[in-house]
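Written out below as structure tokens is the structure these notes cover.
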Amino acid sequence: MPETLVEKISPVRLFDIFKLFVMIMAVQIGIIVFMPLWLFEIVRKHFPLVVILPILPSILIAYYIYMKTRHIEFSYDSKSFSIKRGKLTSTHEWNKFTKVLLVNTDGGFLIRLYLTEEETFDIPVSKLKLNPFTFRLKVLKLVEESKKTS
Amino acid sequence: MRMSEEFLCKLEEELMVKGGRWIADFRESERNYRLGDLTFDIYLSGGTKMKGFGLFSRILSALLLPSYSVACYVIKVRSSNLVSPDFLKKLLSIIRGNAEKNHIKWSWLMLIVRDDPPSKVVKLVENHKDKEIGLLLHNPDSKLLVNSKNLLGERMRACLKLWLKKSRQ
């Protein structure tokens, strides 16, 4: 991600971490429920410790998976913007886009930028915890101004 | 942000996320939408099929709601005196043309004015008869909302009623 981009937005989505945590905990509890009886007899002596102990590692694993795969970093300046999702980074210049649309999907609001009629790029504004309506105006302004200067 | 921009953002939010969802699911919004020689401040498009969170609402939506494409056009008019029969005729014919081209079943046209309209303009809006286009005229300063007396106009008014009541307080 270029270091020169001025504004940087990268909120940690706690609910996403919580969802991952619940999934990891469910897997661990599932292992306990479906374990062989002879092993369950040994584990049973340590209840509720066997359920409480995995909480901390689950939080850490959930946080690690979230940061590696789901965390979004968005940075922009007057000329370009960059989005990093997990390990993937994509950088675009504002002046390349022809149309700006605000789209309401099941996963929240997106700002859809059109490179051509078929080729689009989405900025997940809801996931970045930005106000979609005001930020879209900002994006419109950035696109218009970058076209004037280029 | 200019006051009118702030108002348009709030209206957009109301239609896409809040009260507007009672009549349609506006999924896309475009600003400064050019159609013919006119530029609409907001163009919203979507459908009548709602997507709820629960399985029950999804089943209800699939079984009971019609699957129509819909659109809502918002345009700022400098003065309500500019709203003449010819002006409306031009706007409505452009909207009808776009509806035909994009297979849009229902459309709404919302005129935003900064002064209270004279009675002849109110009558003009109220007497709008087209069943497939709802017509509304709104003054954000006085919170006046005039609507066409067809089903679409009445429904849109009902959806915006709470928002208007809240903004009056």
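Each value in this text was obtained by applying a stated rule to the coordinates, not by laboratory testing. For clarity, every value in this text was computed on a predicted model and none was experimentally measured. When we count neighbours, we look across all protein chains shown, and the Cβ atoms used for this are built from the backbone with ideal geometry, even at glycine.
Please state the charge dipole magnitude for the protein assembly as shown, taken about the Cα centre, from unit charges on C-beta atoms (+1 on K and R, -1 on D and E), reported in debye and rounded to the nearest 20.
580
Mind checking the mean number of beta-carbon atoms from other chains within 10 Å of the Cβ atoms in A:132-140?
Per residue, the number of nearby Cβ atoms from other chains is 4 on average.
Based solely on its DSSP helices, what 222 nm [θ] is calculated for chain B when runs of n ≥ 4 H residues each add -39,500 (n - 2.57) and the sum is averaged over all residues, nearest 500 deg cm²/dmol?
-12500 deg cm²/dmol
Quick one: of the DSSP bridges fully inside region B:60-161, what percent are antiparallel, nearest 5?
So the antiparallel bridges in region B:60-161 amount to around 25 percent.
In 10 Å bins starting at zero, report the fraction of Cα pairs in region A:9-68 per bin as a rounded %.
22, 42, 24, 10, 2, 0
Choose one answer from A:Pro124, A:Pro57, A:Pro48: the residue with the largest mean-square fluctuation in a GNM of chain A with alpha-carbon springs under 10 Å.
A:Pro48
Measuring from label point to label point, each 7 Å out along Cα→Cβ, what is the B:His103 to B:Lys120 span in nm?
Going from the B:His103 label point to the B:Lys120 one covers 4.3 nm.
How big is the convex hull of the Cα atoms of region B:8-83, per residue, in Å³?
Hull volume normalised by residue count: 109 Å³.
When chain A is modelled as a GNM with alpha-carbon springs shorter than 10 Å, which of A:Val125, A:Val51, A:Val12 fluctuates the most?
It is A:Val51.
Angle between the Cα long axis of helix A:55-65 and the longest principal axis of chain A, 0 to 90 degrees, nearest 10?
So the inclination is approximately 30 degrees.
Just from the alpha-carbon atoms, what are the Rg and Dmax of chain A in angstroms?
My reading of the Cα-based Rg and Dmax gives 21.8, 74 Å.
Among B:Tyr68, B:Phe7, B:Ile42, whose Cα projects farthest towards the positive end of the dipole of region B:1-88, with charges put on the beta-carbon of Lys, Arg (+1) and Asp, Glu (-1)?
Looking along the dipole axis, the top candidate is B:Tyr68.
Which entries in B:Lys120/B:Lys149; B:Lys10/B:Lys89; A:Lys84/A:Lys129; A:Lys129/B:Lys143; A:Lys19/A:Lys127; A:Lys129/B:Lys49 show an alpha-carbon gap greater than 21 Å?
Too far apart for the 21 Å limit: B:Lys10/B:Lys89; A:Lys129/B:Lys143; A:Lys129/B:Lys49.
Take the Cβ-Cβ distance between B:Lys131 and B:Leu65 as r, set R0 to 25 Å, and report the resulting FRET efficiency rounded to the nearest 0.05.
For R0 = 25 Å, the calculated efficiency reads 0.85.
Per Stokes-Einstein, at 20 °C and 1.002 mPa s, what whole-number D in µm² s⁻¹ belongs to chain B, with the Kirkwood radius over Cα pairs as the hydrodynamic radius?
Translational D for this selection: 131 µm²/s.
At 0.36 nm per residue, minus the direct Cα-Cα distance, what do A:Leu37 and A:Val51 gain on full extension? Give it in nm, one decimal, please.
Additional length available on full extension: 3.3 nm.
Quick one, could you list the DSSP H helices from chain B stretching 15 Å or more along their long axis (Cα atoms) with average Kyte-Doolittle hydropathy of -1.0 or above?
Helices meeting the criterion: B:3-16, B:85-101, B:151-168.
Relative to a virtual label point 7 Å from the Cα of A:Leu60 in the Cα→beta-carbon direction, which members of region A:11-43 show backbone nitrogen distances below 20 Å?
A:17-29
Expressed as a whole percent, how much of the Cα-Cα distance distribution for the protein assembly as shown exceeds 29 Å?
51
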